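Note sheet for the following structure.
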Amino acid sequence: MLEQSAQSTEQTAQSMKPKTYIPGETKEQRKQRKRNEKAQKNAKVVPKPVQKTVEPVAQQPVNNTGNFVVCLKYGTKYDASYVNRLFNMVSKNLTIEHEFVCFTEDPTGIDERIRVESLNLMSGVSGWWYKPMFFSPTLPLKGTILFLDLDMIIFRNIDNLFTHDPGNFYIIRDFNRYAIANYNKFNSSVFRLNTGQHTEVWTNFINNASSIMRRYHGDQDWIRVCITQNFNYWPDEWIQSYKWEMRGKPKFNNMPRGQRDFAVNRDPTIKDNTSIAVFHGDPNPHNCRDQWVIDNWK
């Protein structure tokens, strides 16, 4: 009933509209005019699109370079706590903007703030023999790379490891320097390079890895064979052997290798410009009961 009433009201309103008569217009012309008027009334009017002014977006430069502190964790010799402690020590003692990256086949327990990159595992390769990988031109890090071994204590600022003579390759003069004057071999506990420097270390290694690993004692011997030019040693005082240079090569206790500590625990001798203590061989930091180690390895 309501619908019929609405229709009746609309029809009444239409019948009440005044009719238009044009002098001289025939009946057929009037019908055509009304058809035209009705068609115009029912036609949908499509609004013109509003033209908006779009401000051009400035192109942001793509940053393919940066500063990276990297470490390597393979197998079970060192657990995730070593990676996390190294990250903590770097965070406290490096003010230069950087990203901390760990290359490993097992990220279990590694601090979530650390970027983890998976190792491209190779048959027969383990441990330190993955270090030549950091000389690969396809390494997923583009910029300046500071490699650090896990078994060390960083206790002072290390900005100089990035700012000193930038762009050139640096590595430790091996710690046998303690007993042999002018010793001229490498220790790979701390080295710095730019991505793509000395790629022969990696490319030659992957082409003959089995033979190289049989012939040479470790990665640092192989790196020294490959790099005979365009290298530099860190100043000896910056990075010291904990047991030889800072503790004077003391005797060990009677524990088996891998678990030994010094027979007598005491504080090390620390030079003014030393910022890193390297724990090559025994003791490992977690086995050393020197109070200085306990206070600083964290």
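The values are calculated or read from the model by the stated rules, or taken from the named source; none is laboratory data. Everything numeric in this text was worked out from a predicted model, so none of it was measured. Here the Cβ positions follow ideal geometry from the backbone for every residue, glycine too, while neighbour counts run over all protein chains shown.
Selection of the range 80-127 for residues being surrounded by 17 or more Cβ atoms within 10 Å (Cβ to Cβ), more than 16 Å from the chain's Cα centre (by Cα) and within 27 Å of TRP202 (Cβ to Cβ) yields ALA80, TYR82, VAL125.
When the range 152-183 is examined, which residues are found to be polar (S, T, N, Q), part of a loop (DSSP other than H, G, I, E, B) and in contact (Cβ under 8 Å) with a residue 12 or more places away in the chain? If you could, list the steps in order and put the result at the bottom.
Initially, the range 152-183 is screened for residues polar (S, T, N, Q), giving 157, 160, 163, 168, 176, 182.
Pick out the ones that are also part of a loop (DSSP other than H, G, I, E, B) and you get 157, 168, 182.
Those that are polar (S, T, N, Q), part of a loop (DSSP other than H, G, I, E, B) and in contact (Cβ under 8 Å) with a residue 12 or more places away in the chain: ASN157, ASN168.
Residues in the range 198-219 that are in contact (Cβ under 8 Å) with a residue 24 or more places away in the chain, over 17 Å from PRO137 (Cα atoms) and either in a helix (DSSP H, G or I) or under 23 Å from the mean Cα position of the chain (by Cα) (or both): ALA209, SER210, MET213, ASP219.
Taking the numbered list (1) assigned to a loop (DSSP other than H, G, I, E, B); (2) over 30 Å from ILE294 (Cα atoms) in turn, PRO132 passes all entries but (1). Of everything in the range 288-298 that's in a helix (DSSP H, G or I) and in contact (Cβ under 8 Å) with a residue 40 or more places away in the chain, which residue is nearest to LYS92 (Cα to Cα)? Here the answer is ASN296. Selection of the range 250-283 for residues being surrounded by fewer than 18 Cβ atoms within 10 Å (Cβ to Cβ) and within 30 Å of the chain's Cα centre (by Cα) yields ASN273, HIS280, GLY281.
Within the range 236-261, being free of Cβ contacts under 8 Å to residues at least 40 places away in the same chain and in contact with a His (Cβ under 9 Å, 6 or more places away or on another chain) holds for no residue. Here ARG224 meets the list (1) modelled with pLDDT of 95 or more; (2) not in a helix (DSSP H, G or I) almost entirely, failing just condition (2).
Scan the range 180-197 for residues that are modelled with pLDDT of 95 or more and either within 22 Å of the chain's Cα centre (by Cα) or closer than 18 Å to THR144 by Cβ (or both) and jot them down. Passing the criteria: SER188, SER189, VAL190, PHE191, ARG192, LEU193, ASN194, THR195, GLN197. Checking every residue in the range 137-150 against the condition of being among the charged types (D, E, K, R), crowded, with 20+ Cβ neighbours inside 10 Å and within 18 Å of ALA277 (Cβ to Cβ) gives at least one match. Residue check: ASN84 meets all listed conditions (1) outside any loop (DSSP other than H, G, I, E, B); (2) in contact (Cβ under 8 Å) with a residue 40 or more places away in the chain; (3) among the polar types (S, T, N, Q) but one, namely (2).
Taken over the range 235-249, the criterion of being of a type outside the set (Asp, Glu), surrounded by 13 or more Cβ atoms within 10 Å (Cβ to Cβ) and assigned to a loop (DSSP other than H, G, I, E, B) is satisfied by PRO235, TRP238, ARG247. Of the numbered criteria (1) more than 23 Å from ARG177 (Cα to Cα); (2) touching a residue at least 24 places away in the same chain (Cβ under 8 Å), the one VAL264 fails is (2).
How about the range 256-287: which of its residues are out of contact with any helix residue (DSSP H, G or I) (no Cβ under 8 Å at 6 or more places or on another chain) and either small (Gly, Ala, Ser) or not in a helix (DSSP H, G or I) (or both)? PRO256, ARG257, GLY258, ALA263, VAL264, ARG266, LYS271, ASP272, ASN273, ILE276, ASN284 - these are the residues of the range 256-287 that are out of contact with any helix residue (DSSP H, G or I) (no Cβ under 8 Å at 6 or more places or on another chain) and either small (Gly, Ala, Ser) or not in a helix (DSSP H, G or I) (or both).
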